Structures are given as structure tokens and as C-alpha cells.
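The values are calculated or read from the model by the stated rules, or taken from the named source; none is laboratory data. Just so it is clear, the model here is predicted, and its values are computed rather than measured. Because the Cβ atoms are built from the backbone with ideal geometry, glycine has one as well, and the counts that use them run over all protein chains shown. When the accessible area is computed, the model is the full protein with side chains, heavy atoms only, and any ligands, DNA or RNA have been set aside. Shrake-Rupley method; radii C 1.70, N 1.55, O 1.52, S 1.80 Å.
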Amino acid sequence: MTEPSLAEAMAHHAAGRLAEAVRIYQAILARSPGNADALAGLGVAALTSGRPEVAHPLLAEAARRKRDDAIIHNNLANAAKALGDAAAARLSYRRAVALAPSVPELIANLAGGLDGGEASRWARRAVRLAPGDPDGWFVLALGTAAESRLGTAVGALARSLALDPARAAAWFNRANALRDLGEVEAAVVHYRRAVALEPDNDGATSNLLFALSFVADDAAIAAANRTWGRRIEATAAPAAFFDNDRDGERRLVVGYLSPDFRKHQFLMQLRPLLEHHDRGKIRLIAYADVSRPDAETERLKPLFETWRDIHSLDDTALDRQIRSDGVDVLVCVTGYLATYRRRFVPRRAPVQVAAINQVSSPGLDAFDARITDRWLDPPEFGDRGPERLVRLASGFAVFQSPAEAPPVSALPALSMGHITFGCFNNLAKMTDRTLDLFCRVLDAVPGSRLRIKAMALSDEEPRQRFLARARRAGLDLGHLDLQGRVYGDPANLAALARADIALDPTPFCGGLSSADALWMGVPLVSLAGPSLVGRLGASMLARAGLSDLIAKSPDDYVRIAAGLAGDLPRLAALRGGMRHRLAQASLSNGRIFAMEMERVYRDLWRQWCRT
């Protein structure tokens, strides 16, 4: 009887009959243990089956025995990439391209394993060789996006999608680029296409839900999050029984879970809470889902009694750890992306709370409460999600003053001879509604200028694309000053102080940038919008005793901004007294905020103990 051949194995493999192909590869290796092609075939089969840890040693041995085979080296690189070894993957991709320098697929794979400019150069070579290959255009887009050349990335992804419209990753990445360019409505359309193609893609769904915060009202945002939440909880295992000691008055074990225990703006809200917790009443545990810990990570650790690095833990191991720690109250402080909220399903602790960095209802039954205030979630708006709303008197969060802030400077208008308005937010918040408002404000204040500071404006393509949008909105570009990335907190804060009046975007207000502007003495005009994130400015201003700067309509916004601009003595007085005002306000009182949060935790815990 004739022994099965390598050609037969490869035919089965190409037809998707992996089990039969594997059987023949193994038979060949039993006769000829060093057969590189059979080793490579087995390796690719294992990789296709989602077992890169099995594939890698097989492909490494095949590459050792057949050093001049570009395809084997390419597949070895794919296995290394699947194992998370980017350096080894790049080495093997380079070897593959060196052996076959004119094969577009191999060049595109190499480009996909590189960063920035080098990735773009190789990707351009791939599309020159094969302009009809969607992979080359896709990789070119990733490379140019990494260089902040977002306009080029959007164009390359359009080419990729024209060739392969069923590629969810291309829709997703184009949505990301459009969002970062400030074209959020178009981004939402692209996210929806990505989700339609891959309904179980957590990243696409999570980004879609977040993007809705820039364009929709509370009801629509809450409904979308609730639909997502029901789907997640319908497929989750039921939560196991909790055997925590049901003593309502004992010391509580409170866990804070976040991927952002690192250099991140939200620490300016979290740190005051952690610093003022009563350690006699609460044991604090950090669950740090941090991919790249940094110096801020180390500075946070002493604020917790116990620190758990959970980044490598799957959901089962995470659940086991939290239960072993005896957590009574588990707090989500990074709920703006649904991907992070998902780690709270199924329920990991008797009480679960969403707090601080939230942009909507979590949409999950697993959360007992969401911390808010009467300005973010006015009682007359009702409860949009399944969780209970707890409105703190001191506000939904406090803001820690920046330690390296320079002194408050004199009002710029006094030396410049004109009013300078400022907006210090990312381009995604520069919606068409925002630009229309800014245009009306400048028209109402003759001779005034508008200073826009956003990191994306450091790069020419986003800058030109934004200027085109501003021109379409009717803004006089001669009265517009753009500033990009500023390095270092003191320099960044000094840049904010170059404005006389800060203008809040709509419908997604500024957050930490607005708090920083206030600290530098720059008053903020904010339009109370139709969603939670559209009322962030209102919450800050009300708690700072500046409710008269909260607009109820676009006309009111223009009236308030123009009125401030016409009253230089008031502007100068506000600027000079702002830090004292903020220091006395609940907006900056971490002690009161911590007391209120602890009271909420205790009340929710007592309720659970009675069940």
C-alpha cells in the first residue's frame, strides 16, 4: 500500500480538512523525523487551531532545517506574534522578506509587525507591488495612523474596504481615525458596520458605545448600553453564592478595579478619594489591570493596603482572587469603555458600584449603584439604566489641584488688547455643534480670537483637516490660533492660562482640562447638554459657585460668553480669586467626598446584609 504523501497532506490542509492533514503529517514524520515541510505543516495546523504554543517549536525546527524557505519563516513569525513576542516576530518577518523580497503578502506582514515610519515604508512597497491587495492598504493605514497621519490612514482604509468590504477591522480602525479627527458622526457609522460584521467584537462594540456619548442624548446612550448589557449578562454564568460575613457594621473590604492605575488624567479625581478614606473603617484593595505600569503606578501602591496585579488573570482567576480577598464592595472607576465594565460580570462581589470615570449608565444589572450628582443626573430626568443613582451632595467626583501649576498670571486681554477665548479638548469633542457655537461667540465679540489646543493638532494632516471643518462652520481662520502637544504639566497649564475665557464643547464637555483651566484662573462657559457628559461643566461650575456661567441654550451660551468678554474688571477679579474660590468649594474637598462615598458603601452593604 502506498504511503500518503506530503502533497496529499497539503491538499487536505488547503481544503480545510485539518484532522486528515495532521494525520498524514504525523505519519511522514514517523518515517522521516526531520522532514521540514511536515513539521511546518503541523505547525501551521496548530496555529490555525489557535494553539500558537504548539505551533512555534514545530515551525522553529522547520525553519532551522530549511533556512531558505520564506513561507516557513513567515509562519514562524505569525506564531511568535500570536504568543506576544513582537521582537521575535519582527526578526522572522525580516528573514522571510529577505528571502522573498518581491512577495507582497510577506512585505505586508512585515509592515504589520513594525511601528510608525518603518511600517509605512514597507506597506507602501507592498501596495506598489500589489495595489489590488486589501492587506497592504490596511497595514499602510495602521502605520500612518501610528505616525498621526490620520488623513492618509482614512484614505488607505477606504482603499482596503473598497477591495474587501467585509473586513471588520478596517471599519473599526477607520472609525478610530475619524473619531480622532473630530468626525464623530462618521465614526459612529463605521463602528456600526464593524459591529454588524463581528457582533462579538468587544473592542468595536465598546468604542461604538463610547462614541455615542459625543453625538446622542441620555436616553439613546442608556438604551444602547442596556442592549449591550443584556447581551453580556445573558451569556454569562450566574454569580456564585457569596459567604461574606453579614455584619453590617464591621470594617469593609473595598476593591477598586481599573486599567488606569498609571499616568492618567483620572488619577486627579481618584487620588483625593484614596488619600481621605478612613482606614479604620475600610480596607482598600487595588485590582490593577495595567498593561504598562509606570512611576504613577508605584506612587499609587502605598494608598492601598493590598495591591493585586490582575492584568494576566482571566475572568475565572479574577473571580477567584476577589472572592479569596473577601471583597464586600467592588468599585468600577473606569467605566467609560464597556470592555472594562465587562470584568464585573458575573458579579464578583456582594455590592458593585460604578463611580468617577463614567460616561453613561453601565447598562448592567451587576451594578447596584452609580455615583452621580444632581447636576449630572437631574432628578427630573429619571433613572435611565438598571442601576440605582446615588446623587452625592458634594458632587460626582472631586478634582485635585495640579501640584506643579505655575502662579495665576494677569488677564491676557489687558496686555493683548483683545479677548482670547480658549478650548482645550481633543478633536473628537469639536463637533459641528461646537464649532457653530464658537463661530457665534466670535461674531458676538468683535476682534476676539479663539485658541484651540489639542494634541492631534501637532500633526499637519489632522491640523489641515480640522481647519477645513472650521472653515465650513464659518469660522474666520484669521482669528483662530491652533496649538498641539505641549510637554510637561507646568507648560501645559501655562498654555491654558493664555486664554481669558474657556469655552466648553458640546455635547461632550471637557473634564480634567476644564478643571485645570479653572485652576489657572480661566472662567468656563458651559452649555448644559442632553447627556451626562454634556453636563460635566455644569456640575463643576455649580459646585464652584459659578452657576451664572451655565447656559441653558445656545443663545444663552453666546450671551454669557459675550457678557463676560465685555466686563474686564469682572474677568480680572474672577481670575485673581479663582484658586481661593475652588479651595473652598466641594469641587476640591476630598475629605467630604470620601466621607460621602464611605456612607454610600456602608448603606449598600447594610442592604445586602439584610437580604
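So that you can scan it fast, the table gives a plain yes or no per residue for (1) small (Gly, Ala, Ser); (2) assigned to a helix (DSSP H, G or I); (3) within 18 Å of Ala55 (Cα to Cα):
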| site | (1), (2), (3) |
| --- | --- |
| Ala9 | yes, yes, yes |
| His13 | no, yes, yes |
| Gly16 | yes, no, yes |
| Ala19 | yes, yes, yes |
| Val22 | no, yes, yes |
| Gln26 | no, yes, yes |
| Pro33 | no, no, yes |
| Ala38 | yes, yes, yes |
| Leu42 | no, yes, yes |
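For residues in the stretch 186-209 being of a type in the set (A, V, I, L, M, F, W, C) and in contact with a Ser or Thr (Cβ under 9 Å, 6 or more places away or on another chain), which is most open to solvent (accessible area, probe 1.4 Å)?
Val195
Tally time: how many residues in the stretch 8-32 are under 17 Å from Ile72 (Cβ atoms) and either of a type in the set (A, V, I, L, M, F, W, C) or without any contact (Cβ under 8 Å) to a residue 24 or more places away in the chain (or both)?
Pass one, the stretch 8-32, residues under 17 Å from Ile72 (Cβ atoms): 9-10, 13-14, 21, 25, 28-29, 32.
Add one more test, that the residue is either of a type in the set (A, V, I, L, M, F, W, C) or without any contact (Cβ under 8 Å) to a residue 24 or more places away in the chain (or both), and what stays is 9-10, 14, 21, 25, 28-29, 32.
Selection size over the stretch 8-32: 8.
In this structure, is Arg342 modelled with pLDDT of 95 or more and open to solvent by 10 Å² or more (accessible area, probe 1.4 Å)? Show your work before the answer.
Numbers: modelled with pLDDT of 95 or more: no; open to solvent by 10 Å² or more (accessible area, probe 1.4 Å): yes.
No, not satisfied.
So, Ala499, is that one among the small types (Gly, Ala, Ser), out of contact with any helix residue (DSSP H, G or I) (no Cβ under 6 Å at 6 or more places or on another chain) and touching a residue at least 60 places away in the same chain (Cβ under 8 Å) or not? First the steps, then the outcome.
Values: among the small types (Gly, Ala, Ser): yes; out of contact with any helix residue (DSSP H, G or I) (no Cβ under 6 Å at 6 or more places or on another chain): yes; touching a residue at least 60 places away in the same chain (Cβ under 8 Å): yes.
Yes, satisfied.
When the residues of the stretch 313-334 are filtered to those that are more than 10 Å from Leu257 (Cβ to Cβ) and touching a helix residue (DSSP H, G or I) at 6+ places or on another chain (Cβ under 9 Å), which remaining residue is surrounded by the most Cβ atoms within 10 Å (Cβ to Cβ)?
So in the stretch 313-334, the residues more than 10 Å from Leu257 (Cβ to Cβ) come out as 313-317, 319-321, 323-326, 328-329.
If we keep only those that are touching a helix residue (DSSP H, G or I) at 6+ places or on another chain (Cβ under 9 Å) too, we end up with 313, 315, 328-329.
Working: Leu313: 17, Asp315: 14, Asp328: 27, Val329: 25.
Within the stretch 313-334, the match that is surrounded by the most Cβ atoms within 10 Å (Cβ to Cβ) is Asp328.
So which strands (runs of 3 or more DSSP E) are wholly in the stretch 347-461 and hold at least 1 residues that are of a type in the set (Val, Ile, Thr) and buried (at least 21 other Cβ atoms within 10 Å of the Cβ)?
Details: elements: 351-357, 369-372, 388-391, 420-423, 449-453.
It comes to 351-357, 369-372, 388-391, 449-453.
Which ones in the stretch 567-587 are within 25 Å of Phe421 (Cβ to Cβ) and touching a residue at least 40 places away in the same chain (Cβ under 8 Å)?
Residues of the stretch 567-587 within 25 Å of Phe421 (Cβ to Cβ): 567-582, 585, 587.
Those that are within 25 Å of Phe421 (Cβ to Cβ) and touching a residue at least 40 places away in the same chain (Cβ under 8 Å): Leu568, Leu571, Ala572, Leu574, Arg575, Gly576, Met578, Arg579, Leu582, Ala585, Leu587.
Among the residues that make up the stretch 242-261, is at least one of them buried (at least 19 other Cβ atoms within 10 Å of the Cβ), under 18 Å from the mean Cα position of the chain (by Cα), more than 30 Å from Asp432 (Cβ to Cβ) and among the small types (Gly, Ala, Ser)?
Yes.
For the stretch 557-565, does any single residue satisfy the condition of being at pLDDT 95 or above and under 30 Å from the mean Cα position of the chain (by Cα)? Walk me through how you get there before you give the answer.
The first filter runs over the stretch 557-565 and keeps only residues at pLDDT 95 or above, leaving 557-565.
If we keep only those that are under 30 Å from the mean Cα position of the chain (by Cα) too, we end up with 557.
Looking for residues that are at pLDDT 95 or above and under 30 Å from the mean Cα position of the chain (by Cα), one finds at least one in the stretch 557-565, hence yes.
Could we say that Ala108 is crowded, with 24+ Cβ neighbours inside 10 Å and either closer than 24 Å to Ser49 by Cα or out of contact with any Asp or Glu (no Cβ under 9 Å at 6 or more places or on another chain) (or both) here?
Yes, satisfied.
What pairs come up if the first residue lies in the stretch 84-110 and is over 17 Å from Val139 (Cα atoms), the second is in a loop (DSSP other than H, G, I, E, B) and open to solvent by 10 Å² or more (accessible area, probe 1.4 Å), and their beta carbons are under 8 Å apart, counting only those six or more places apart or on different chains?
Leu99/Asp68; Leu99/Asp69
How many residues are at pLDDT below 95 and aliphatic (A, V, I, L, M) when one looks only at the stretch 352-363?
2
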